[in-house]
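Enquirer: There's a structure below that I have some questions on.
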């Protein structure tokens, strides 16, 4: 009886959980690592390859708000306002479509980076990076409110 319990606890072969980053095929085509289940793994840097629906919806909302911010900026600058971000101002001088493209590209790149590290804790607090998504939505809503104030004043 003891022999059976010892052999059932014994592991054979390399530990499949040894890799903290899933293979690229799982990141591109989906996988099954949705979250970090083990308590000891929660303080480590581990990338998941399947995201919750609320993170996906948050990313979509942020992208839509970013594009709306870009189009509001185009409207306001066309009516006499000035872009205060000097880098984005240069793209705006070049072309409105370059401005929108770079804005979308920069936002997408930032969101991808946040998605990759969404399980990390922000030190010294115990808040996870994934909690920044709702904060970004609030920031964009404040920016959109400011656009509306500028439009109607």
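Read-outs: derived from the displayed coordinates by stated rules, not from any lab. Nothing here was measured: the structure is a model prediction, and the numbers come from that model. All Cβ positions, even for glycine, are placed from backbone atoms using ideal geometry, and neighbour counts span all protein chains on display.
Enquirer: Residue separation times 0.36 nm, minus the C-alpha to C-alpha distance between residue 87 and residue 127: what's the value?
Expert: Working it through step by step, the gained length comes to 11.3 nm.
Enquirer: Got a sec? How would 84, 73, 107 order by Cβ neighbour count within 10 Å, fewest to most?
Expert: 84, 107, 73
Enquirer: Could you work out how much longer the chain between residue 79 and residue 51 gets when fully extended? Use 0.36 nm per residue separation minus the Cα distance between them, nm to one decimal.
Expert: Stretched fully, the residue 79-residue 51 segment lengthens by 6.0 nm.
Enquirer: Given labels modelled 7 Å from the Cα in the Cβ direction, how far is it in nm from residue 60 to residue 113?
Expert: 2.5 nm
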